[in-house]
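Shown next, in structure tokens, is the structure this report addresses.
The values are calculated or read from the model by the stated rules, or taken from the named source; none is laboratory data. These numbers were taken from a predicted model, which means no experiment stands behind them. Heads up, the Cβs are rebuilt from the backbone with ideal geometry, glycines too, and the neighbour counts pull from every protein chain shown.
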């Protein structure tokens, strides 16, 4: 499996460029990698100029997900039993910022445990705010 398509690379690079201009930049993760035989999971928001260094949330399955940098090449070179490799979750999509993912994963103990929590938050209906100032106060 190709871990990063050209489209994903472009999105990750754009986030890296935005981050370089704005220290308060907090994008949603673009891509999720996972170990199909274990708990290791990575969420990436940025790809640096070298084309290998990703920034995001890394969870190696020890109960302490951390923000930081990791190598795409190292992830791609991991050889698992039965000829398996690290996979990209092709169905992964989120609108939740990386900082919320990190906080939720730390509280839940892993990215894997945080994902259903985030999905419930994203699926919750957004309350409609009244557009008429008199609407909602009986008048």
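Hey, among the residues in the range 37-51 that are modelled with pLDDT of 95 or more, under 17 Å from the mean Cα position of the chain (by Cα) and part of a loop (DSSP other than H, G, I, E, B), which one's surrounded by the most Cβ atoms within 10 Å (Cβ to Cβ)?
So the residue we want is 40.
Restricting the search to the range 90-127, which residues are surrounded by 14 or more Cβ atoms within 10 Å (Cβ to Cβ), out of contact with any helix residue (DSSP H, G or I) (no Cβ under 7 Å at 6 or more places or on another chain) and not in a helix (DSSP H, G or I)?
Matches in the range 90-127: 92, 97, 109, 110.
Listed here are the residues, each with its yes/no results for (1) within 22 Å of residue 105 (Cβ to Cβ); (2) in contact with a strand residue (DSSP E or B) (Cβ under 7 Å, 6 or more places away or on another chain).
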{"position": "7", "(1), (2)": "no, no"}
{"position": "10", "(1), (2)": "no, no"}
{"position": "20", "(1), (2)": "no, no"}
{"position": "24", "(1), (2)": "yes, no"}
{"position": "30", "(1), (2)": "yes, yes"}
{"position": "33", "(1), (2)": "yes, yes"}
{"position": "41", "(1), (2)": "yes, yes"}
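Kindly check whether there is at least one residue in the range 3-23 that is over 22 Å from residue 114 (Cβ atoms), modelled with pLDDT of 95 or more and part of a loop (DSSP other than H, G, I, E, B).
Yes.
If residue 68 satisfies every condition in (1) at pLDDT below 95; (2) in contact with a strand residue (DSSP E or B) (Cβ under 8 Å, 6 or more places away or on another chain); (3) surrounded by fewer than 12 Cβ atoms within 10 Å (Cβ to Cβ) but one, which is the exception?
(1)
With respect to the numbered conditions (1) more than 16 Å from residue 2 (Cα to Cα); (2) surrounded by fewer than 20 Cβ atoms within 10 Å (Cβ to Cβ); (3) touching a residue at least 24 places away in the same chain (Cβ under 8 Å), which one is the sole condition not fulfilled by residue 84?
Status for residue 84: all satisfied but (1).
For the range 69-80, does any single residue satisfy the condition of being assigned to a helix (DSSP H, G or I) and under 18 Å from residue 11 (Cβ atoms)?
Yes, the conditions are met somewhere in the range 69-80.
Any idea which residue in the range 52-68 is nearest to the chain's Cα centre (by Cα), counting only those that are closer than 21 Å to residue 38 by Cβ and not in a strand (DSSP E or B)?
The qualifying residue nearest to the chain's Cα centre (by Cα) is 65.
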